[in-house]
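The values are calculated or read from the model by the stated rules, or taken from the named source; none is laboratory data. These numbers were taken from a predicted model, which means no experiment stands behind them. Glycine also receives a Cβ, built like all others from the backbone with ideal geometry; neighbour counts cover every protein chain displayed. Just so you know, the surface numbers come from the protein's heavy atoms only, side chains and all, with ligands and any DNA or RNA stripped out. Shrake-Rupley method; radii C 1.70, N 1.55, O 1.52, S 1.80 Å.
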Amino acid sequence: MFKPDPFKDDTLFEPIEKTGRAFWLIFGVSFAVFVVGLGYYVQQLRNGLGVTGMMQPVTWGFYIINFVFFIGISHAGTLISAILRLTQAEWRRPITRMAEVITAIVLAIGGLHPIIDLGRPDRVLNVFRAGRLQSPLLWDVTCITAYFAASTVYLFLPLIPDIALLRDRKKKFHWLYSFLSWGWKGTPAQWKVLNRAINIMMIAVIPIAVSVHTVISYIFAMTLQPGWHSTIFGPYFVVGAIFSGIAALFIVMIAFRKAFHLEGYLKEIHFQQLSKLLLAMSVLWFYFTFCEYLTGTYGGEPREMTTIMYKFSGPYAPFFWTMVIFNFVIPMVFLSNRKLRKVPGILIASIAVVIGMWLERLIIVVPTLENPALPVMRSIYIPSMTEIALLAAAVAVFVMGFLGFSKLFPLISVWECQEGRALSVSETSERIETYLPDAEAQHVRD
Amino acid sequence: MSATDRHSDAYLKLIFLAQIASITMMWMFLVSVVLWILHLVNVARELHDALTASIGLSLIVLPAYSLVAAILTFVFFGLRRGARSENDEPGESEGERHDS
């Protein structure tokens, strides 16, 4: 029977048990940014949405862009982790936890943005009192809360054996780890229950994750607006979400690898394997973007063309072409070349993709609103300092959330690493044996 | 029984009660979601406002919430039962786990 050892892999417990000066510095800076953002939000609460750059007809700006962007990043975790577990990819072991944590934190951040966008947060109660279930906005509410619940449980279940290890090390927060470990002793019966639950969740969470970003695309695609009314928006959004999620995962992996000296756990091979997935997603993203704009341009419908040209050669052209360079050209250069596909190259490509995907959300949301179908006055959306400060605050909350998690729980699954060392080499060899054609089959042919 | 043991017993009991409370909260959350969706379906019925769409969405959403609550309950009580039976069947291998 496999039993993880609480006194092995000390490197993975070090971030929890020791706190360096850099931690407090980064946390302090993030907290300061958050406080500034909070100040701007209070100002918005007092004065209304007039303090933002939004106006008629551009009624969605940074808040909705950030909402779509953060929910997209959340696909890093659950989806990637679930798919890697499902396919029994052994290299997943040091990666899955970080991915799952990203999901839980950014979902909470992203989910709050529509409430910020409401201007008056008390109006969110109308959703509970008199919401209309046939509205895509309410589909978002239900899907995101279901995804948040499912991904939190999917983060928690594989965390239980590690929480028990922390409890058994008896360093600090013993009460918290006793509470969260649910009486874990690592008996065979407990392993059986836990593995069964993780298996069910890893399958259930995939359709939930896919449905979430499909439904988010529906708030655009269900309208008849040029640039939004598209049948491929669902899969296009899902592809973009997984793409930005992997890039965000890379940034977090590289930062924590450097900060906590995790080079022995997050090896070059992990980056190589995951970078192939990022490259594939870049190509897929380009394919969807090409399809989306080709059909619009070929049809040549005047209103659709106005929006498209607004992006290709109008005021949004710098953003559009930067997006293409950041999401396709830079990843292609750095990830398809074996010499450049090292950690620094992957980091450059990942940062480019995260910025590029944010620009993509900007390009989807704003140009359509700046070119309204009705004959009303047009206007250019320029974000105010409030919106910029709240974007910075959202990023700061993400950093603080991740740092906070790293102070309480291991960012790399300790028991999965130990299980991998103890069992997976022989089990993988046995599994590979079953894939290979039988030697007898060759004899029969001869 | 020593004072330390009694303290330890009380400590464990308190933690157990907190765990039960957290599971109960999960079920209360599920019940609130069900009540909320039933309320919205009723509003749609009263307003003659695409009732079938509302029912259709409820049928998709409610199983997702129920699954999460059921899994948590299954794990919580499964782990407690498993902790009591130290010497039962042997642990599963990775391959067996994925087959199940």
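Of the options A:Gln272, A:Ala373, A:Ala150, report the single residue whose Cα projects farthest towards the positive end of the charge dipole of chain A (beta-carbon charges: Lys, Arg +1; Asp, Glu -1).
A:Ala150
Sort A:His213, A:His261 from largest to smallest accessible area, using a 1.4 Å probe on the heavy atoms of the protein chains.
Details: A:His213 0, A:His261 130 Å².
Largest accessible area first, the residues go A:His261, A:His213.
Would you kindly derive the ³J(HN,Hα) couplings of the range B:43-49 from the backbone phi angles with the Karplus curve 6.51 cos²θ - 1.76 cosθ + 1.60 (θ = phi - 60°), listing them in order in whole Hz, with x for Gly and Pro?
4, 4, 5, 4, 8, 6, 10
At a probe radius of 1.4 Å, what is the per-residue accessible area of A:Glu430, in Å² to the nearest 10?
Approximately 120 Å² of A:Glu430 is accessible to the 1.4 Å probe.
Any residues in the range A:75-105 that have 50 Å² or more less accessible area with all protein chains than in their chain alone, probe 1.4 Å, and which are they?
When all protein chains are present, A:Gln88 each give up 50 Å² or more of accessible surface.
Give me the three principal axis extents of the range A:61-117 from the C-alpha atoms, as integers in angstrom, largest value leading.
Result, largest extent first: 42, 14, 12 Å.
Would you mind telling me the share, in percent, of accessible area of the range A:14-411 contributed by carbon and sulfur at probe 1.4 angstrom?
Values: 11470 of 15780 Å².
Reported share for carbon and sulfur atoms: 73 percent.
Could you name the lysines in cross-link range of A:Lys276, using Cα to Cα under 26 Å and dropping any fewer than eight places away on the same chain?
Within reach: A:Lys258, A:Lys267, A:Lys339, A:Lys342.
Along each principal axis of its Cα atoms, how long is the protein assembly as shown end to end? Whole angstroms, biggest number first, please.
81, 67, 56
Once you have the Cα-Cα distance between A:Thr231 and A:Lys258, take 0.36 nm times their residue separation minus that, and quote the gain in nm to one decimal.
Numbers: separation 27, 0.36 × 27 = 9.72 nm, distance 4.27 nm.
Between A:Thr231 and A:Lys258, full extension yields an extra 5.4 nm.
So, taking all protein chains as they sit and a 1.4 Å probe, how much accessible area belongs to A:Tyr265, in Å² rounded to tens?
40 Å²
What accessible area, in Å² to the nearest ten, does a 1.4 Å probe give for A:His174?
Answer for A:His174: close to 70 Å² accessible.
Which ³J(HN,Hα) values in Hz, rounded to whole numbers, follow from the phi angles of the range B:59-65 under the Karplus curve 6.51 cos²θ - 1.76 cosθ + 1.60, where θ = phi - 60° and Gly and Pro get x?
5, 7, 6, 4, x, 5, 5
In what sequence, largest accessible area first, do A:Arg21, B:Arg80, A:Arg378 appear using a 1.4 Å probe?
Working: A:Arg21 215, B:Arg80 75, A:Arg378 135 Å².
The ordering from most to least exposed comes out as A:Arg21, A:Arg378, B:Arg80.
List the DSSP H helices in chain A whose Cα atoms stretch 30 Å or more along the helix axis and whose mean Kyte-Doolittle hydropathy is at least 0.0.
Membrane-span-like by this rule: A:21-47, A:96-118, A:188-221, A:233-259, A:268-299, A:343-370, A:385-408.
Can you list the lysines whose alpha carbon is less than 19 Å from that of A:Lys171, not counting same-chain residues fewer than 8 positions off?
Leaving aside lysines fewer than 8 places away in the same chain, those within reach of A:Lys171 are A:Lys8, A:Lys18, A:Lys185, A:Lys407.
Using a 1.4 Å probe and counting only protein heavy atoms, how much accessible surface gets buried when A and B come together, both sides summed, in Å² to the nearest 100?
Details: alone 21130 and 8270 Å², together 25180 Å².
Interface area, both chains combined: 4200 Å², rounded to the nearest 100.
For the range A:14-411, what relative contact order do you get, as a whole percent, if you take Cα pairs closer than 8 Å and at least 6 residues apart? Mind showing how you got there, number by number?
Working: 517 pairs, mean separation 123.3, N = 398.
Relative contact order of the range A:14-411: 31 percent.
Taking the simple approach of a point 7 Å from Cα along Cα-to-Cβ for both A:Lys342 and A:Lys276, what is their distance in nm?
Taking the two extended label points, one gets 2.1 nm.
With all protein chains present and a 1.4 Å probe, how do B:Ser8, A:Ser230, A:Ser350 order by accessible area, largest first? All intermediate terms of the calculation are to be shown ahead of the outcome.
Working: B:Ser8 45, A:Ser230 25, A:Ser350 0 Å².
Output order, biggest surface exposure first: B:Ser8, A:Ser230, A:Ser350.
If r is the Cβ-Cβ distance from A:Ser379 to A:Leu294 and R0 is 25 Å, what FRET efficiency results, to the nearest 0.05?
On the way: r = 29 Å, r/R0 = 1.18.
According to the calculation, E is roughly 0.25.
How large is the accessible surface per residue of chain A, computed with a 1.4 Å probe and reported in Å² as a whole number?
Details: 19080 Å² over 446 residues.
Per residue, chain A has 43 Å² of solvent-accessible surface.
Apply 1/(1 + (r/R0)^6) to the Cβ-Cβ distance of A:Arg169 and A:Trp24, taking R0 = 25 Å, and write down the FRET efficiency to the nearest 0.05. All intermediate terms of the calculation are to be shown ahead of the outcome.
Numbers: r = 23 Å, r/R0 = 0.92.
Efficiency, rounded to the nearest 0.05: 0.60.
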